[in-house]
1. Show the residue pairs meeting these rules: Cβ distance below 7 Å; 6+ apart or different chains; first residue within region 45-70 and open to solvent by less than 70 Å² (accessible area, probe 1.4 Å); second residue of a type in the set (Gly, Ala, Ser) and part of a loop (DSSP other than H, G, I, E, B).
2. Kindly indicate whether Leu301 is open to solvent by less than 40 Å² (accessible area, probe 1.4 Å), in contact with a Cys (Cβ under 7 Å, 6 or more places away or on another chain) and over 17 Å from Thr370 (Cβ atoms).
3. Restricting attention to region 320-328, does a residue exist that is open to solvent by 10 Å² or more (accessible area, probe 1.4 Å) and outside any loop (DSSP other than H, G, I, E, B)?
4. Look through region 219-242, keep the residues that are open to solvent by 30 Å² or more (accessible area, probe 1.4 Å) and part of a helix (DSSP H, G or I), and return whichever of them is farthest from Tyr176 (Cα to Cα).
5. Say we look at region 1-31 and pick out the residues that are of a type in the set (A, V, I, L, M) and surrounded by 15 or more Cβ atoms within 10 Å (Cβ to Cβ); which of these is nearest to His305 (Cα to Cα)?
6. Testing Pro52 on (1) within 30 Å of Ile194 (Cβ to Cβ); (2) assigned to a helix (DSSP H, G or I), one condition comes back false. Which one is that?
7. Where the second residue is part of a helix (DSSP H, G or I) and the first is polar (S, T, N, Q) and lies in region 15-40, which pairs have Cβ atoms under 7 Å and are six or more apart or on separate chains?
8. Could you run through region 178-195 and say how many residues are open to solvent by 30 Å² or more (accessible area, probe 1.4 Å) and touching a helix residue (DSSP H, G or I) at 6+ places or on another chain (Cβ under 6 Å)?
Amino acid sequence: MAKHLKSARPAGNGADEDARVRHTVETALRDIEARGDVAVCEMSDRFDRYTPESYRLSGSEIEALVSQVSESDMDDIRFAQRQVRTFAQAQRATMQDLRVETMPGVILGHRNIPVRSVGCYIPGGKFPMVASAHMSVATADEAGVPRIVAATPPFEGKPNPAVIAAIHLGGAHEIYVMGGIQAIGAMALGTETIDACDMIVGPGNAYVAEAKRQLYGRVGIDLFAGPTETMVIADETVDAEMCAVDLIGQAEHGYDSPAVMLTTSETLARQTLAEIDRLLDTLPTAGTARVSWEDHGEIILCQDHEEMLALANEIASEHVQVMTDRNDWYLERMHSYGALFLGPRTNVAFGDKVIGTNHTLPTRRAGRYTGGLWVGKFLKTHSYQEVVTDEAAALVGSYGSRLCMLEGFVGHAEQCNIRVRRYGGQNVPFGEGGSK
């Protein structure tokens, strides 16, 4: 029986806050749809205190911003994007078009076609999220999306050069300095100066997530992302400092970022609690991380690996760091999570920033039914069919006619019957199924 050595505080009733966010977003999106650029400008002024002549950066403005980034920082951005592109290219190579003759004269197939336009949101109001540009923009570029739009909020009142550099290197065709609901609404609905996109991707705060939720269906989205989550699965093969750093390192994301440790070692658990206290006394972002840990942190002592596995699959955390004597055992048996990080040499920050896998991942147990953003999200798999012989047309037509009549679809049956008459030489009266 699992035992909590540290529990998260009981969740309060967030229904009122959820309703407020929902209403705010609904009102804002309705305003953007009705008044376009004027509404976007007013929201940018109200929320970001940012009202330039144009929210879209010109080529010369992009060049000027990129020139402000040091060469060493540019080298680091290029390195990270190479890793993301290399993995995306390998993933894309696994997605093959298909053409197969399923029976003589019947050709079935599918093609993987890029979405025609994608709006990529790169958050950056609190931290300049350089890495998010790689994950959305560069990945869409590798998928072959012909129009990539990027929007990112101003950072400290102006465009952040490193974020703009990453977006530009990632392959964006249009870059807008615009945040929050107004960015999502403008890209999804379109305005007088921004053509609407077919799909919206990228993480963001509660308002961004709610805007994507309300727009889903009118446009495609990647997934519904909530606060960052991390889980550490550890046994006595790893030390407390490593566990504490991997927990608190993610808790600095926000005040509501759950961090959970599962372990079979009570000694390790208690040492990790002590290490976390030590870290929080020195970490510059402890003001955020401490609240997150105190309110949402958990350490759970389990009897064995089977119990840790069952709990991990039930919690379905966004990030799962596995540091045990049987990491491959977890890889084979874990089925609900965002991304796995195997062994002490690996960590979530690698995935967040540089290693090449995508950091836009499912949260709030969504790993039970979806994976994260990847090159395949930007591709639509469309089927096609072709009948190339008279014999096949008549044969499929006769089966199809009878099956249509079984359901009472006479018009459907006649679509089949005309093929039987034309290509099979059989006289099938209207409203009757084809003969055996």
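The values are calculated or read from the model by the stated rules, or taken from the named source; none is laboratory data. All values derive from a computational prediction rather than experimental measurement. In this analysis, Cβ positions are derived from the backbone assuming ideal geometry, glycine residues included, and neighbour counts consider all displayed protein chains. For accessibility, only protein heavy atoms count, side chains too; no ligands or nucleic acids. Shrake-Rupley method; radii C 1.70, N 1.55, O 1.52, S 1.80 Å.
1. Asp48/Gly179; Tyr50/Gly157
2. Values: open to solvent by less than 40 Å² (accessible area, probe 1.4 Å): yes; in contact with a Cys (Cβ under 7 Å, 6 or more places away or on another chain): no; over 17 Å from Thr370 (Cβ atoms): yes.
Considered against the rule, which asks whether it is open to solvent by less than 40 Å² (accessible area, probe 1.4 Å), in contact with a Cys (Cβ under 7 Å, 6 or more places away or on another chain) and over 17 Å from Thr370 (Cβ atoms), Leu301 comes out as no.
3. Looking only at region 320-328, we keep the residues that are open to solvent by 10 Å² or more (accessible area, probe 1.4 Å), and these are 324-328.
Within this subset, residues satisfying the condition of being outside any loop (DSSP other than H, G, I, E, B) are 327-328.
Checked against the condition, which is being open to solvent by 10 Å² or more (accessible area, probe 1.4 Å) and outside any loop (DSSP other than H, G, I, E, B), region 320-328 yields at least one hit.
4. Once the filter is applied, the top-ranked residue is Glu241.
5. The first filter runs over region 1-31 and keeps only residues of a type in the set (A, V, I, L, M), leaving 1-2, 5, 8, 11, 15, 19, 21, 25, 28-29.
Of the ones still in play, those that are also surrounded by 15 or more Cβ atoms within 10 Å (Cβ to Cβ) are 5, 8, 21, 25, 28-29.
Values: Leu5: 17, Ala8: 22, Val21: 40, Val25: 44, Ala28: 48, Leu29: 48 Å.
That would be Leu5.
6. Every listed condition holds for Pro52 apart from (2).
7. Taking only residues 6 or more apart or on different chains, the pairs are Thr24/Tyr207.
8. In the first step, residues of region 178-195 are kept if they are open to solvent by 30 Å² or more (accessible area, probe 1.4 Å); the result is 189, 192-193, 195.
Cutting the leftovers down to touching a helix residue (DSSP H, G or I) at 6+ places or on another chain (Cβ under 6 Å) gives us 189, 192-193.
Residues in region 178-195 being open to solvent by 30 Å² or more (accessible area, probe 1.4 Å) and touching a helix residue (DSSP H, G or I) at 6+ places or on another chain (Cβ under 6 Å): 3 in total.
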